[in-house]
Amino acid sequence: MLDPSREGGPEVFGARLVHNAPEGRARRLLLVVEEDIAPVPGQFLQLGVGGGGETYLRRPISIADWDGARGLLELLVLPVGKGTGLLASAQPGSIIDCLGPLGRGFDLDAAGPIPVLVGGGIGAAPLVYLARRLAERGCPPLTFLGASDHPGLAGEKSLTALSRGVVLATEDGSRGATGMITEVMLRNPGELEGATAIMACGPRGMLAALKGMARERGIPAYGSLEEHMACGVGACLGCAVPMSRPESGKSYLRVCADGPVFPLEEVILA
Ligand SMILES: Cc1cc2nc3c(=O)[nH]c(=O)nc-3n(C[C@H](O)[C@H](O)[C@H](O)COP(=O)(O)OP(=O)(O)OC[C@H]3O[C@@H](n4cnc5c(N)ncnc54)[C@H](O)[C@@H]3O)c2cc1C
Ligand code: FES
């Protein structure tokens, strides 16, 4: 059930939190990992957050960045409820209980020589490690980052360093162009000239707009989906989403084990 093509297998491990600082409305967490987890960009961890009761289930959080040589793992956590609130307030020195890496990430070979990344809000988290791996292959991406407002932008500094260019947009105009990032892309169609793939993570509306844009231009597009998760390893079917594949018609796939990254053309987003 778990993806055999991943670089490392999933495991349970403890990671020591060494840094916790604000990044806009989110928190940037740095953790030391003893194991060589060798994640694929786009994979995630199921994190035990403690607290018992309503936070009994692990919470899925993307691997925002990974430095294998130093065993340094980066997470970007937006506190939206009790679980992410507990994570965001964890103190340096705490051990975070991790299961992973999980899921199928972005296919680096599918990115081609001129990749375009698009992140919406906290959805930018997995794009940092993706941009790093693409830059290492000599194909730094052009990155589009959007959010409702400036504090909602995540990963801006790292993505600016790792990309060949970054376009920013906020709905209230507090940083970058004014409007949704997909509106800004539509206003500047030349930016997608020659793009070999679009790789994205963010709200469904953003993914739906990208799906249309990519289809119109004949560019392959891949999106990382977010769903409520229970087990995170493909067993409970709690994260199933409808897909439409030419060979099999409508079917349901599990975001945790078959994704979270899917070709947007196959995802039913409406
Ligand atoms: C593959 C994957 C990767 C993710 N990566 C990150 C990340 O890098 N950083 C980050 O901050 N968050 C990420 N998330 C979202 C994060 O898992 C949820 O915000 C978290 O589980 C909410 O738990 P909670 O206890 O804080 O909130 P809860 O009290 O459980 O919920 C608070 C609110 O968030 C909504 N919510 C809960 N879980 C999800 C979910 N999975 N998707 C959408 N809405 C949800 C609830 O409906 C509710 O409105 C990711 C989710 C997935 C599936
Ligand atoms: S969360 Fe259980 S199958 Fe995906």
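The values are calculated or read from the model by the stated rules, or taken from the named source; none is laboratory data. All figures in this text were calculated on a predicted structure; none of them were measured in a lab. Cβ: placed from backbone, ideal geometry, glycine included. Neighbour counts: every protein chain shown.
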Single residue of Ala124, Ala154 found to be closer than 20 Å to Leu269 by Cβ, buried (at least 23 other Cβ atoms within 10 Å of the Cβ) and outside the structural domain of Ile37 (by TED's automatic domain parsing):
Ala124
When every residue in segment 248-270 that is of a type outside the set (A, V, I, L, M), under 17 Å from the mean Cα position of the chain (by Cα) and more than 7 Å from ligand 2 (Cβ to nearest atom) is compared, the one surrounded by the most Cβ atoms within 10 Å (Cβ to Cβ) is Pro260
Go through segment 200-247 and give me each residue that's under 23 Å from Val49 (Cβ atoms), over 18 Å from the mean Cα position of the chain (by Cα) and crowded, with 17+ Cβ neighbours inside 10 Å.
Cys231, Gly234
Matching entry among Ala21, Ala110, Ala38 (being surrounded by fewer than 20 Cβ atoms within 10 Å (Cβ to Cβ) and at positive phi)
Ala38
Could you tell me which numbered condition Gly205 fails, if it satisfies all but one of (1) under 27 Å from Pro22 (Cβ atoms); (2) within 16 Å of ligand 2 (Cβ to nearest atom)?
(2)
All but one of (1) near ligand 1 (Cβ under 9 Å from one of its atoms); (2) in contact with a Leu (Cβ under 8 Å, 6 or more places away or on another chain) hold for Trp66; which doesn't?
(1)
Could you say whether any residue in segment 245-259 is at positive phi and either outside any loop (DSSP other than H, G, I, E, B) or free of Cβ contacts under 8 Å to residues at least 40 places away in the same chain (or both)?
yes
What is the residue count in segment 72-129 for residues that are without any contact (Cβ under 8 Å) to a residue 24 or more places away in the chain and near ligand 1 (Cβ under 8 Å from one of its atoms)?
3
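Every residue, every condition in (1) hydrophobic (A, V, I, L, M, F, W, C); (2) assigned to a loop (DSSP other than H, G, I, E, B), yes or no:
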residue: Gly14; (1), (2): no, no
residue: Pro22; (1), (2): no, no
residue: Arg28; (1), (2): no, no
residue: Glu35; (1), (2): no, yes
residue: Pro39; (1), (2): no, yes
residue: Gly50; (1), (2): no, yes
residue: Trp66; (1), (2): yes, no
residue: Leu73; (1), (2): yes, no
residue: Leu86; (1), (2): yes, no
Could you please tell me which pairs satisfy a Cβ distance under 8 Å, a separation of 6+ or placement on different chains, a first residue in segment 228-239 that is touching a residue at least 12 places away in the same chain (Cβ under 8 Å) and at negative phi, and a second residue that is away from ligand 1 (no atom under 12 Å from the Cβ) and not basic (Lys, Arg)?
Ala230/Cys236; Val233/Met1; Val233/Leu2; Val233/Pro10; Val233/Leu99; Ala235/Met1
Being surrounded by fewer than 24 Cβ atoms within 10 Å (Cβ to Cβ) and under 22 Å from Val80 (Cα atoms) is the filter here; which residues of segment 127-150 pass it?
Ser148, Asp149, His150
Any chance you could count how many residues in segment 115-157 are more than 19 Å from Thr182 (Cα to Cα), hydrophobic (A, V, I, L, M, F, W, C) and assigned to a loop (DSSP other than H, G, I, E, B)?
1
If Cys201 passes every condition in (1) within 16 Å of ligand 1 (Cβ to nearest atom); (2) out of contact with any helix residue (DSSP H, G or I) (no Cβ under 8 Å at 6 or more places or on another chain) but one, which one does it miss?
(2)
Among the residues of segment 230-269 satisfying the criterion of being of a type in the set (A, V, I, L, M) and away from ligand 1 (no atom under 15 Å from the Cβ), which is farthest from Gly123 (Cα to Cα)?
Ala235
Inside segment 200-221, can you point out the residues that are under 23 Å from Gly152 (Cα atoms) and either assigned by TED's automatic domain parsing to the domain that holds Gly83 or among the small types (Gly, Ala, Ser) (or both)?
Ala200, Gly202, Gly205, Ala208, Ala209
